[in-house]
Amino acid sequence: MPAMTSILLRKDSDNTDAVFFPVRDVPFPHWRTNVSGMTEAGQSRIESQFEKQKNGKTRVNVKIIKPIMAVIPAGTVNAAGVQAGPTVVDEESVSVTFFLSPSGTDATRAELTRMLAHLMSGGGSTTGQVAPVTGSADTYRVASSAYVVPYAIINLLFPGA
């Protein structure tokens, strides 16, 4: 396995690149952002886990966690004149799990990974795909219904719901 290094995920909601730095690799790899002025609990994280299952398959799970921060009204200060920092009120996450057969090859795993990346970046569109390299979070927020999976997730619109 290659050595852990920083991970760059393009264009966060404030239109800046999100850089995740390695935190640990044992027992499982873990990265987090390091946004200045933000507590550790307020940093976004990437976690991965893997295990060999009894049926011989390898289960690999990758999860991205984004804290939801409380909004502290401007000018709200304590008696010493100190502005409180925002606190974490909840978090949202996305998790993807692969179940990889010992009969599979690097080619089948690469194809699954490519298809998942295209599905999540707007596959299904008749006019092309959202480009995750150049698109900001706003690109996904205003994606048309032609981008089936991102549109459904972002707008919480699911059949029968």
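The values are calculated or read from the model by the stated rules, or taken from the named source; none is laboratory data. On a predicted model such as this, the values are computed, not experimentally measured, just so you know. Cβ sites come from the backbone with ideal geometry, for glycine too, and all protein chains shown count toward neighbours.
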Hits in the stretch 1-44 (condition: of a type in the set (Gly, Ala, Ser) and in contact (Cβ under 8 Å) with a residue 40 or more places away in the chain): Ser13, Gly37, Ala41, Gly42
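Could you check the stretch 1-22 and list, in sequence order, the residues that are part of a strand (DSSP E or B) and farther than 28 Å from Ile154 by Cβ?
Matches in the stretch 1-22: Pro22 only.
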Subset of the stretch 38-53 [out of contact with any Pro (no Cβ under 9 Å at 6 or more places or on another chain) and within 20 Å of Val88 (Cβ to Cβ)]: Glu40
Residue ID - modelled with the lowest pLDDT, chosen from residues in the stretch 39-61 that are among the aliphatic types (A, V, I, L, M) and closer than 15 Å to Val23 by Cβ: Ala41
Which listed residue is closer than 22 Å to Arg10 by Cα and at pLDDT below 70, from Ser93, Ser125: Ser125
Total residues in the stretch 24-74, condition under 20 Å from Thr5 (Cβ atoms), out of contact with any Gly (no Cβ under 8 Å at 6 or more places or on another chain) and surrounded by 10 or more Cβ atoms within 10 Å (Cβ to Cβ): 22
Tally, over the stretch 80-106, of residues that are farther than 30 Å from Lys57 by Cα and surrounded by 10 or more Cβ atoms within 10 Å (Cβ to Cβ): 8
